[in-house]
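The values are calculated or read from the model by the stated rules, or taken from the named source; none is laboratory data. Because the structure is predicted, anything quoted here is derived from the model rather than measured. Cβ atoms come from the backbone with ideal geometry, glycine included; neighbour counts cover every protein chain shown.
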Amino acid sequence: MKWIHLLFTSLLFLCTSSIASGVGFTQVTLADDPNRPLNTTIWYPTQDVSDTTLIGDNPAFIGTQVIKDGEIQSGTFPVVLLSHGYQGNWRNQNWLATELTNRGYIVAAVNHPGTTSFDQSPEQAAKWWERPRDITRILDYLLSEIQWKQAVNADNITAIGHSLGGWTVMQLAGAKIDRATFEAECFIYPNPRTCGLSDEFGLSQVQPSEPSNKDLSDPRIQRIVSLDLGLARSFSLQSLNNITVPTLILAAGIDIGDLPQALESGYIAEHMPLNLRRYKVYESATHFSFIQSCKPGAIPMLEEEVPGDGIICKDGVGTSRDQLHQFILNDINSFLN
């Protein structure tokens with residue numbers, strides 16, 4: 001899908017007319033695993049006063065203003081770890097990262113190898129266990145590097161994921177892959193999008209290097225937020241029943257044709273302990289309402305590139321993505337606090 005290329009090749013330029021302080025921004029590559037380097041983006045509070053840089057902006061999507069490589073503000077801050085969706089990247093939730101940083105959070109996002117915009121590898125994608133491990137590696141980095149560990153509140157860590165990212169962070173809470181469950185569910189409800197990705201994500205059969213222990217939970221993560229996740233029915237019911245991490249499950253009410261929320265977010269909500277989860281459906285949201293806002297004229301531009309891709313910038317009738325973002329932000333902020 002060519003819209004993904006727009007996301008990846010977003011314009012970065014100095015906006016010399018704007019002097020501001022607030023959101024710091026930096027990017028690093030985690031090389032602790034030479035077979036899986038992680039391109040990582042970090043937003044953080046800063047009191048530096050300097051020219052701002054526009055990030056995540058391109059002809060179709062709206063970016064945000066940050067201060068590149070500014071000095072981190074003194075103090076300790078809660079942490080949010082972000083996981084993007086299938087074939088997405090860190091820019092998808094740039095809007096959310098910037099808003100949370102404005103509220104005093106350190107936010108870190110990774111481009112998951114094999115399932116990100118310019119790195120789509122069937123071999124890497126089939127290693128389904130690596131995605132949650134990517135998030136654990138980011139947290140390891142933040143808690144060990146001198147620059148970050150003195151600023152991180154290790155007792156206040158949240159993981160947020162959209163789409164396949166929601167599936168990823170649920171594993172960090174203790175959800176476990178169960179192939180028999182997924183096969184049975186796909187026989188009853190053969191959803192083309194999720195069930196059709198079974199082979200690509202290594203869910204049809206055991207992978208050569210697959211860990212025998214499917215528990216990928218990270219006890220350092222105290223909260224989970226799932227944004228219209230997919231592949232929910234690949235989790236064992238027992239593992240969902242046993243989750244002890246408070247979880248906010250947010251879903252899109254408008255089905256764009258392949259991710260009915262009742263079979264995805266609703267499935268998680270149904271089988272998790274009721275006292276540990278909050279569940280909300282935004283009736284006027286689509287699956288892509290959770291990513292960045294679109295510019296005027298984006299829909300015909302995307303349609304011209306790839307017919308059908310205009311759906312990425314469409315929300316429910318009578319609402320706007322900016323309005324939906326405000327609702328989503330308010331609900332996440334309330335949950336985190």
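Numbers for the structure displayed
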quantity	calculated
Single unsatisfied condition, C195 versus (1) surrounded by fewer than 24 Cβ atoms within 10 Å (Cβ to Cβ); (2) out of contact with any strand residue (DSSP E or B) (no Cβ under 7 Å at 6 or more places or on another chain); (3) closer than 29 Å to F77 by Cα	(3)
First in the range 295-318 and closer than 14 Å to I62 by Cα, second anywhere and among the charged types (D, E, K, R), Cβ under 7 Å, 6 or more apart	I299/K314
Residue match in the range 208-224 (condition: within 15 Å of T115 (Cβ to Cβ) and crowded, with 19+ Cβ neighbours inside 10 Å)	no
The range 234-249 residues that are surrounded by 18 or more Cβ atoms within 10 Å (Cβ to Cβ), paired with ones that are among the hydroxyl-bearing types (S, T, Y) (beta carbon under 6 Å, 6 or more apart)	S236/T181; I249/S226; I249/S265; I249/Y279
Which listed residue is out of contact with any Gly (no Cβ under 7 Å at 6 or more places or on another chain), buried (at least 17 other Cβ atoms within 10 Å of the Cβ) and on the phi > 0 side of the Ramachandran plot, from G114, G161	G114
Out of R137, R133, R91, sole residue that is outside any strand (DSSP E or B), of a type outside the set (S, T, N, Q), modelled with pLDDT of 95 or more and touching a Gly at 6+ places or on another chain (Cβ under 8 Å)	R91
S284 in contact (Cβ under 8 Å) with a residue 24 or more places away in the chain, touching a Gly at 6+ places or on another chain (Cβ under 6 Å), surrounded by 15 or more Cβ atoms within 10 Å (Cβ to Cβ) and among the hydroxyl-bearing types (S, T, Y)	yes
Looking only at the range 49-64, and only at residues there that are part of a strand (DSSP E or B) and more than 20 Å from the chain's Cα centre (by Cα), the one that is nearest to K314 (Cα to Cα)	L54
Subset of the range 117-136 (residues that are surrounded by fewer than 21 Cβ atoms within 10 Å (Cβ to Cβ) and either hydroxyl-bearing (S, T, Y) or at positive phi (or both))	S121, T136
